[in-house]
Each structure stands twice: as C-alpha cells, then as structure tokens.
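Okay, structure first, notes after.
The values are calculated or read from the model by the stated rules, or taken from the named source; none is laboratory data. Everything numeric here is computed off the predicted structure, so don't read it as measured data. Here Cβ is always computed from backbone atoms with ideal geometry, including for glycine, and neighbour counts include all displayed protein chains. These accessible areas exclude ligands, DNA and RNA; they are computed on the full protein's heavy atoms, side chains included. Shrake-Rupley method; radii C 1.70, N 1.55, O 1.52, S 1.80 Å.
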Amino acid sequence: MANILLVANLNCDRLLLLNKALRTGGRFHYQDGGRRLGGGGANTGIGLEWAGHKVALVSQLGRDELGDWVLAEAGMQGLDCRRVQRHEGSTSEILLVMTPDGERTIIRPERPRFQLAAPPRWSEWDALYLNTSAEGAVSWALTALPQTLVVAQLAKDDRSRPCHVLLSSHSDMHERTTLPPWEFAQQIAGEALRYFIVTEGEQGARLYRVDGELQVPAVMANVVDTTGAGDVYAAGLIHGLLSGLAIEQAMQEAAIWGAYAVASETSVPGVALQQYLQGAI
C-alpha cells in the first residue's frame, strides 16, 4: 500500500472518569481509568497500519521511563518510531477528563520546543499528515506539496498550514473568523488547497472547495468516548484518497472510521475498526 509520514504527538493518556458533567465551581468524584497510548500520532497511525499502509511517526518524547513506555506501546502497534526525537525533560501524562455522556476535556502541560530536522526525500512518501506545533512544519509542507499528498489539521491559532486538504471541527471553528470558510481556509493553507473539511459530530462533515460546498452525513454510532475521533477520521480520509476514491467517497469512508472511533473505550482505534479493515483488505 502507501508510505505515510505522520508529524503528530505521541502521548500517554491518563483517563479520569467523572460521575457527572463538568461545571464551574463544582465538586466531582472520579475513577482512575489508568494510562493508555494516545496522541494524534497513535490515533491516526494505528488505523492506517491496520489498513495495510506503512506508517512512520515524527514526534518528541522525554528521555525517561514513561517515554520508553509510549515508544514501546506504539512499536507494538506496528508504527515506525525511528524518527521520534528524545529530549532531556520528562514525558508528562495527558489528563483526559471524561463525563458520563462520553465528552472529554483535555488537560496537559506546555510542551517543550520541538524543532524538525531537514525535510525527508518526499519521493519516498505518498502522504504527509501534519498535526503538530513543531517548528519547521511549514517548510516540510511546502517542500512536500509538489510530490506528496499533504493533509493537515487546523492549528489552534492562525499559523500557516500549507496543504492540499485542511481539516477542522465545528467546535474549533466556532467564532474563529468572520470570513467565508473557503476564504479563511485558503489564507491558512495557501494556493495548493483543494478541500477544507469541517467535521460536525453527529451531523457529519461539511466539505468546502472552490466550486461550492456539500454535506456528507455521519455514520450512526453509540458514543462511548470521543477522544481521538478527529484523528481517526483524518486517517480514514487519507486511506480513502490514497486508495483512489473521490473526495466525497473518501469522506464517507472517513465517517465509517470515525463511527468506530467514538464507539471505542480507548484513545486509539478499537478492535472493531481493525475487524472492519481486515474484512476490507
């Protein structure tokens, strides 16, 4: 299949299960759900690996026991972690505060500075996925665009994200801009942009492009945990595009992957998605 390079976080997620919905000034009981592999690198990469692709990660971890654990867990899932950098600080757990309705709040410390090395030889890669605040990401994207499919998640700020496909969510776009969505996306992604996709939960996802917009419905699911759903959706979209699907069909495939993600109790994709993909290969 395809060679895919992911520039995204590898995390150790610590799950805290609350007894009721969050509200300001409230008091809550929680159950400790333990630690588990997470982060955009794992959430996106594992499904792509299950789909038969070769997936390599570019990320950063501390040089400590927890960082060793994260690397070992990712490697056991078949992900190529040889490009993961180690810094001298510690690897911090990411707190996932989960309410009974499956919605989650993420609490994490500030990440240390992460500087990407020189870009790789893009002729060796079929796709690049960017979900990172690493310095040098713009340079990587610009050099990749002529040769490689570039898919990127919209950053929390308005930093440049050169890409062919830009992804965001309805919540991240709320009151983000007064510009029309396509015009806003072009300012972020540049002239190479082909598609801007905004996921809208149970309403599906909306596609914006130069000739208009359309809605692709969601696949119904029993929502257990929304953690990582956007990353898994991105993985399904990349898989669809690299398999030769048109954008609408690729979004339909991504919706299936996303439905499996929210129905799983894990941050990374659950076994149901693996079974689906094993039947498709």
Looking across the range 7-22 at residues that are among the polar types (S, T, N, Q) and touching a Lys or Arg at 6+ places or on another chain (Cβ under 9 Å), the single one that is surrounded by the fewest Cβ atoms within 10 Å (Cβ to Cβ) is Asn9
Identify the residue in the range 23-55 that is part of a loop (DSSP other than H, G, I, E, B) and within 30 Å of Leu242 (Cβ to Cβ) and, among all such residues, is most open to solvent (accessible area, probe 1.4 Å).
Gly52
Is there any pair with a first residue in the range 259-280 that is aromatic (Phe, Trp, Tyr) and surrounded by fewer than 20 Cβ atoms within 10 Å (Cβ to Cβ) and a second that is modelled with pLDDT of 85 or more and assigned to a helix (DSSP H, G or I) whose Cβ atoms are under 7 Å apart and which are 6 or more apart or on different chains, and what are they?
Tyr276/Tyr260
Any chance Ala221 is touching a helix residue (DSSP H, G or I) at 6+ places or on another chain (Cβ under 9 Å), of a type in the set (A, V, I, L, M), assigned to a loop (DSSP other than H, G, I, E, B) and at negative phi
yes
Filter the range 99-132 down to the residues that are surrounded by 11 or more Cβ atoms within 10 Å (Cβ to Cβ), within 25 Å of His53 (Cβ to Cβ) and without any contact (Cβ under 8 Å) to a residue 40 or more places away in the chain and list them by number.
Pro119, Trp122
Among the residues of the range 191-218 satisfying the criterion of being open to solvent by less than 30 Å² (accessible area, probe 1.4 Å) and part of a loop (DSSP other than H, G, I, E, B), which is nearest to Met251 (Cα to Cα)?
Gly204
All conditions in (1) open to solvent by 60 Å² or more (accessible area, probe 1.4 Å); (2) modelled with pLDDT under 95 are true of Pro146 except (2)
Write out, first by first residue and then by second, each pair whose Cβ atoms fall under 9 Å of each other, whose residues are 6+ apart or on separate chains, and whose first residue, in the range 211-235, is more than 18 Å from Leu130 (Cα to Cα) and modelled with pLDDT of 95 or more while the second is charged (D, E, K, R) and in a loop (DSSP other than H, G, I, E, B).
Gln215/Glu200
